Structures are given as structure tokens and as C-alpha cells.
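Taken together, the values in this text are just the output of simple stated rules run on the coordinates, not laboratory data. Keep in mind the model is a prediction, meaning the values are calculated, not measured. Cβ placement follows ideal geometry from the backbone for every residue including glycine, while neighbour counts extend to all protein chains displayed.
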Amino acid sequence: PAIWKDEDKDLMRRAAVKAGLIGDSEEESERLFLVLEPEAAAIFCQEIDKNTLTIGTHLMIVDCGGGTVDITVHKVVQVRDGLKDVALDEIVTGTGGAFGSTYVDDSFLDYLADKLTEKAIEQFQEKEPLDYLKMIEEWERTKCAFDPEKSGDIIYFPLGVKFYNLLKNNYPQVLKKLADEQNGDDTDIYISCETMEGIFKPTLDGIVQKVKEQFQELDNQSCDVMFLVGGFSTSPVLRKRMEQEFGNKVQNIVMPPRPGLAILGGAASFGVNPSAIRARCSRLTYGFSYTPEFEEGVDPESKRIPAKYLENSEDLCLDRFGYLVKKGKRVPTDAEITQIFVPVLSNQKGMDLEFFSTPRTDVRYTDDPSVTKLGELRVEMPFTQGGLNRKVEVTFYFGQTEIKVHAKDMTSGEDFKTAIRFNSGY
Ligand SMILES: Nc1ncnc2c1ncn2[C@@H]1O[C@H](COP(=O)(O)OP(=O)(O)OP(=O)(O)O)[C@@H](O)[C@H]1O
Ligand SMILES: [Mg+2]
């Protein structure tokens, strides 16, 4: 999921190790490949529509799932190497939010509580958990089948025998009210078509808002085709609303057959050919901490390391955030950035490198509240001859879905490795 944080991805890795899919050594970890969901979806869509998606086409993927909606825009580009002749470049930073289909379920439960009282529902859930689950299942069917054009004016939602009896014994006034409202029928709940649309509305509004934001992000760049994928995208109400809102903004809105499979299919393709994605836009700013010269009048006293404690002629500044990649920047998947670090003490026998991310594009210190630490790497520097002139060369490989970091003590020639995640969180 695009909104997964580094901890979540780590948890996934640990789960894979525990499940025996991979071993726990450094080499083994290379065998597990994390695929970003929106990219998998984009690859799937690009592949099923190869003929219409010519070089230069901009495609927007709206992945509507159970928990979230994820939106990305990619451009079809020509490539010469790899298994294929086309690949995808992400052209703007993707967006998304918590507007999945389960929020429609929440709205329905609110509606139900309004009709039958919260207390009665709680009691039903507690006393008859199995029948409660059956009711939720019934709702799932009702929700998935709902089509304002075909479902008729009223949907009859059955209470079920157990719930009916519980209401009859403990909440007779609830049943009476229901009967009064429904021509004497108290065994079903009559849900009008408008009410159903109302239950979907807040979630659909949220999706529309997010898609609009992605169009704003695109600014004056065009979007040619919109793909709706994910389980929720099979919903007729969702489809209709998207057509209404965005039908005139793109040439075509495509709903691939079996859109629930998009992620799985795309992930498999990506595994075979990772170069299918050529560039992505960083969703966060990445960096490291370093200690450059103290800037008078800019840096606070609390960050000053006076020169007298150092072998420097200048005071230094603690905890400065050094930029690696800024949020929104397009990063080719074969990008490498090399940075040289030097010790602050001539007899220093090691260097602790720390890596950070932030959703901001302008932070000065690594202890800013917006900054999260991603990881660290200890580089041993056993040979002290060379003093302050020793160098540690650090290379960041953007490669796939995680950033890999290699550090080399240039004096000993010793290599150190770590992997930090290319976080796609918002
Ligand atoms: N016709 C439909 N109408 C409304 N919702 C639907 C329909 N068909 C499936 N869904 C919903 O789609 C969701 C499952 O979709 P999908 O498999 O894409 O989700 P997911 O990938 O597990 O979730 P996420 O991407 O948020 O992690 C379920 O919540 C299901 O109720
Ligand atoms: Mg999903």
C-alpha cells in the first residue's frame, strides 16, 4: 500500500522471514522484492491496453480499495533495454486517502444505529455474533450489487430471525416505529434508493476530492486516460459518479475486467521486469545528518559545537539536515547519489551515519518535529593515520522500492551496507 510507512514494510519483511519465504541473512533479503501497489496497478493497466497507450500517453490510475484510494499518474515512455520497449515514468507525486469501501460500511452502520438504536445493535452483536456477521455479509452483498439504475426504488434489507426476536423481546418500540414507517412491515428495513446513495456519498465525495487534487497537481499537463481499479471500482455508483465528474477531463475512463486483480497481475509483471518503472516522484524528502560550519545569526546557540572542542578553526553546527532527495522530485530508478563524509576528530575510529525523511521540503535540523529517522549505519574507521583528511564515501542507490546505502571507509577500503526504504507514504 502506498501509505505504508517504513515500519510497516519492515513488519512485512519480518513476516516473510517468519513464514519461511526467505532466510534472515543480508543476501536472502535481496530475494524479497517489495512492489508499490500503485505501480503494480499502473503496469497492469499499461499491459492490458498496450495498443491504445502509445508513447507519451499520460495515464491516471485510481485504485479504489477497501481501506484507501490511491491515485498516481504515469507517462508511457520508450526504452531501449530491458525485456520491453516501453516503461512508465511517474510524472507527479501520487496522492490518496482513507476513502475505501469500508467507509461506506461505516455509514451504513450509522444509518442502522439511527433506525434500530445503537444499544440494540450492540446487544445483537454480543448475543448473536454469528448472525451479526451474517447481517454484515448481507450488507456486503447489498452494497456490491447496488446500482441506482437497476436496484429499484426500495431495497429490502432483511433483519433476520434472531435479530427480529431480540428486538421483539427487548426493544418492541423499535419494531413498532419500523412498522409505522413501512406500512406495517417490520421484518425488513426499507432502504430507499436516495438513502443508499446518501450512504455512499461521503466516501465518493472523498474520492472525487482526491482525484481533483491530483488533477491540480498535474497543473497544465494533460491526462489522457483514467483507469479505475481495485475492488470498490466495480461499484456502479462509483463508476457513474466518476464519469459525471471526470468524463470531460480525460479522453477515456477505463474499467478493466476483473479490476480486483490489477495489483496482483501488475506485481507479477514487475517482478519479471522491474525496469517497467523508470522513474518515480518522491513522496517525502530524504536526507542525512551532518555537522557543517555554524552560521552566526542563523543557527541557535544550542546547536553550536565550539571550535575549541574540535581540531577545526571554525565552530560547527549539530544535527543539520543534508538533502538527498526533495519531496516531489522525479527520481530515475537507476539514480545513484554519492556523498563524501569526513570525520570531525582526527583520532575518530568510526562514523555513525543517520538517515531521515520528512514530508516538508525545507527543514534545517534533523530534530525538527516533522522528521522521522529511517535508519543508521556505523562505518568503522580503524586506521587513524590521515586524521581529518580521511574520507567515507557513501552511495545511495535508488534502484527499486527501497533505497540502498553503501558506505566505504576510503582508508581501509572496507564496505558497509544498509537498506532504507523508499517510502511512498504521504
Ligand atoms: N461492487 C462493489 N461496491 C462497493 N464495494 C465493493 C464492490 N466490490 C468490492 N467492493 C469492496 O472493495 C473492497 C476490496 O477491494 P480491494 O481488494 O481492492 O481492497 P484492498 O486492496 O484489500 O484494500 P486497500 O487497497 O485499501 O488496502 C472491499 O471493501 C469490498 O467491499
Ligand atoms: Mg488495494
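Using helices alone, what [θ] at 222 nm do you get for the chain, with -39,500 (n - 2.57) per DSSP H run of 4 or more residues, divided over all residues and rounded to the nearest 500?
About -10500 deg cm²/dmol.
In percent, what relative contact order does the chain have, based on Cα pairs under 8 Å that are 6 or more apart in sequence?
Taking the mean separation of contacting Cα pairs over the length of the chain, I get 17 percent.
Thinking of region 285-421 as a set of Cα atoms, what percent of all their pairs are more than 18 Å apart?
Tail fraction, whole percent: 58.
Would you please put 150-156, 192-198, 292-298 in order of how densely packed they are, using the mean number of other Cβ atoms within 10 angstrom per residue and starting with the highest?
Highest-to-lowest ranking by the protection proxy: 192-198, 150-156, 292-298.
Once the piece of chain linking D334 and D185 is laid out straight, how much longer is it, given 0.36 nm per residue of separation minus the C-alpha distance between them? Show your work: numbers first, answer last.
Numbers: separation 149, 0.36 × 149 = 53.64 nm, distance 6.60 nm.
Using 0.36 nm per residue and subtracting the Cα-Cα distance, I get 47.0 nm.
To two decimal places, what compactness ratio does region 361-420 give when its Cα radius of gyration is scaled by 2.2 N^0.38 Å?
1.37
For helix 161-170, what angle does its Cα long axis make with the longest principal axis of the chain, in degrees from 0 to 90 and rounded to 10?
The angle comes out at about 80 degrees.
Taking only the alpha carbons of region 1-145, what extent do you get along each of the three principal axes, in Å, biggest first?
64, 43, 23
When the chain is fully extended, how far beyond the present Cα-Cα distance does R14 get from K417, taking 0.36 nm per residue of separation?
This chain segment gains 143.2 nm when fully extended.
To the nearest 0.05, what FRET efficiency results for Q251 and K391 with a Förster distance of 51 Å applied to their C-beta separation?
E(calc), rounded to 0.05, equals 0.40.
Residues in region 152-170 near a label at K134, defined as backbone nitrogen under 15 Å from the 7 Å Cα→Cβ point?
Within reach of a label on K134: 158-167.
Using only Cα atoms, what Kirkwood radius does region 102-199 have, in angstroms?
13.8 Å
What whole-number value in cubic angstrom gives the convex hull volume per residue for the C-alpha atoms of region 8-52?
Working: hull volume 3.7 nm³, N = 45.
Hull volume over Cα atoms, normalised by residue count, gives 83 Å³.
Contact order normalised by length for region 285-421, with contacts defined as Cα pairs under 8 Å and 6 or more residues apart; what percent is it? Spell out each step's value before the answer.
Details: 289 pairs, mean separation 32.5, N = 137.
Normalised by residue count, the contact order of region 285-421 is 24 percent.
Can you give me the relative contact order of region 249-362 as a percent, contacts being Cα pairs under 8 Å and 6 or more apart?
After rounding, I find 34 percent.
Run the reach check for K327 against lysines, Cα to Cα strictly under 24 Å, same-chain hits fewer than 8 apart removed. What comes back?
Qualifying lysines at Cα under 24 Å: K5, K9, K75, K210, K212, K373, K404.
From the C-alpha gyration tensor of region 250-354, pull out the three semi-axes of the equivalent ellipsoid (sqrt of 5λ each), sorted largest to smallest, in whole Å.
Working from the Cα gyration tensor, I get semi-axes of 47, 17, 11 Å.
Kirkwood Rh and Cα-based Rg: tell me the resulting Rg over Rh for the chain, rounded to two decimals.
1.10
Using r as the Cβ-Cβ distance of E27 and D367, and R0 as 30 Å, what FRET efficiency do you calculate, to the nearest 0.05?
0.30
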